[in-house]
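Student: Would you mind keeping the following structure in view while I ask a few things?
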Amino acid sequence: MQPLYEGKAKRLYTTDDPHVLRMEYKDEATAFNAEKKAEFENKGKLNKAITLLLYKMLEERGIETHIVSDIDETNILVKKVDILLVEVIVRNIAAGGFSKRMGVEEGTPFKTPIVEFSYKSDELGDPLINDDYARELGLATPEECAELKRQALIINEVQKEFFAKCGLTLVDFKIEFGRPSSDPSKIILADEVSPDTCRLWDVKTGKKLDKDRFRQDLGGVMEGYAEVLHRIEKAVS
Ligand code: UDP
C-alpha cells in the first residue's frame, strides 16, 4: 500500500474513514535538517509507545490530541489533520539551537519557559519566526498563535511534572499542531512527543537520553530511548 505521505520519521496511510489515518513510525533517524541519517532498530516501536503513553496522559489532563487508537507495535490510528506549518518549541533550560545562537551555556535554566516558533520548511531549514511572520506568511492568525502558545505552555507544565516523576529533566521539546478535517475550527496536538523531539536528561546524573546521543555521537541511542520508555511505563502503572 502506498503511503499518502512519507516524512522523515513516519508514514501516513488512508483508512476506510476519511477523517482517520494510520500513522506508521519508522526506524530511520535524521538530524541537522537530514544532513545526518541512520537507522536504529526498534526506534519506531519505542517512539510510538512513548508518544502513545504521553498523549494518553495529556488527554487525561484535558489536552486534545490526534490519537484515535493503538493498532500494533509501530502503528496507530490518528485523526486526519491539516498540520500548521508552525513548529512550536518550548525551552526550560538552554541547549541546542538556543545555546548556539545566543552564546548561552548549555544547562543554564530559564526563570520562565521560552516559547519559540519556527517555519516548518525543510527547504529553508525551519527558520525562526514570530507571530507577525506567521500572519504575513499565512501560516497562522494572531489568535491561532496565541492558542498555540497557550496550549504549549500547559503541555510543558504537565510534561515537566510527569517527567520529574520519571527522574527526567525536560530541557526542551518541539510540538506540532493541526486542524482536524472533522472540525477545522479546532487546533489539536498532532505529530509526536518522543526522545526524537524532546531533550531529556537524567535528573541525578545529567545523562542525555534523547536524540542528542545521535547528534553528538554519544552512542547507546536506543538504550537511551528504551530507558525513557521504561521510566514512563513505571510512572503510569
Ligand atoms: N526539534 C525537533 N525538530 C526540529 C527542531 C527541533 O524535534 O526540526 C526539537 C529538538 O529535539 C529539541 C527542541 O526541539 O528538543 C529544540 O531544538 P533546537 O532548536 O535547540 O534545535 P536543534 O538543537 O535540534 O538544532
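Student: Give a residue-ordered list of calculated ³J(HN,Hα) values for region 97-109 (Karplus: 6.51 cos²θ - 1.76 cosθ + 1.60, θ = phi - 60°; whole Hz; x for Gly, Pro).
Tutor: These are the phi-based 3J(HN,Hα) values: x, 5, 4, 5, 5, 9, x, 9, 4, 4, x, 6, x Hz.
Student: Over 10 Å intervals from 0, what percent of Cα-Cα pairs in region 98-237 sits in each interval?
Tutor: Over region 98-237, the share of Cα pairs per 10 Å bin runs 10, 35, 36, 17, 2 percent.
Student: Taking +1 at the Cβ of each Lys and Arg and -1 at the Cβ of each Asp and Glu, which of Met1, Cys145, Ala38 sits farthest along the dipole of region 1-150 towards its positive end, judged by Cα position relative to the Cα centre?
Tutor: The residue sitting farthest along the positive end of the dipole is Ala38.
Student: Hey, another quick one. Taking a cut-off of 14 Å, what percent of all Cα-Cα pairs in region 102-143 are separated by more than that?
Tutor: Across region 102-143, Cα pairs with separations above 14 Å total 61 percent.
Student: So which GluC sites (Glu not before Pro) in region 115-149 are both in a DSSP loop and have at most 15 other Cβ atoms within 10 Å of their Cβ? Walk me through the intermediate numbers first.
Tutor: On the way: sites: Glu116, Glu123, Glu136, Glu143, Glu144, Glu147; in loops: Glu123.
Within region 115-149, the qualifying GluC sites (Glu not before Pro) (loop, at most 15 other Cβ atoms within 10 Å) are Glu123.
Student: Based on Cα positions only, what radius of gyration and what Dmax would you give for region 28-124, in angstroms?
Tutor: Cα only, region 28-124: 16.4, 44 Å (Rg, Dmax).
Student: Take the alpha carbon atoms of the chain, find their radius of gyration, then divide it by 2.2 N^0.38 Å using N residues; give the quotient. Spell out each step's value before the answer.
Tutor: Values: Rg = 17.0 Å, N = 237, 2.2 N^0.38 = 17.6 Å.
Normalised Cα radius of gyration, the chain: 0.97.
Student: Would you mind working out the magnitude of the charge dipole of region 21-96 relative to its Cα centre, with +1 at each Lys and Arg C-beta and -1 at each Asp and Glu C-beta, to the nearest 20 Debye?
Tutor: Working: 12 positive and 14 negative charges, 33 e Å.
With only Lys, Arg, Asp and Glu charged at Cβ, the dipole is about 160 debye.
Student: For Lys149, Lys10, which order do you get if you count the other beta carbons within 10 Å of each Cβ and list the fewest first?
Tutor: Values: Lys149 16, Lys10 24.
Ordered by Cβ neighbours within 10 Å, fewest first: Lys149, Lys10.
Bear in mind these aren't lab numbers, they're just calculated from the coordinates by the rules spelled out. All of these numbers come straight from a predicted model, not from anything done at the bench. In this analysis, Cβ positions are derived from the backbone assuming ideal geometry, glycine residues included, and neighbour counts consider all displayed protein chains.
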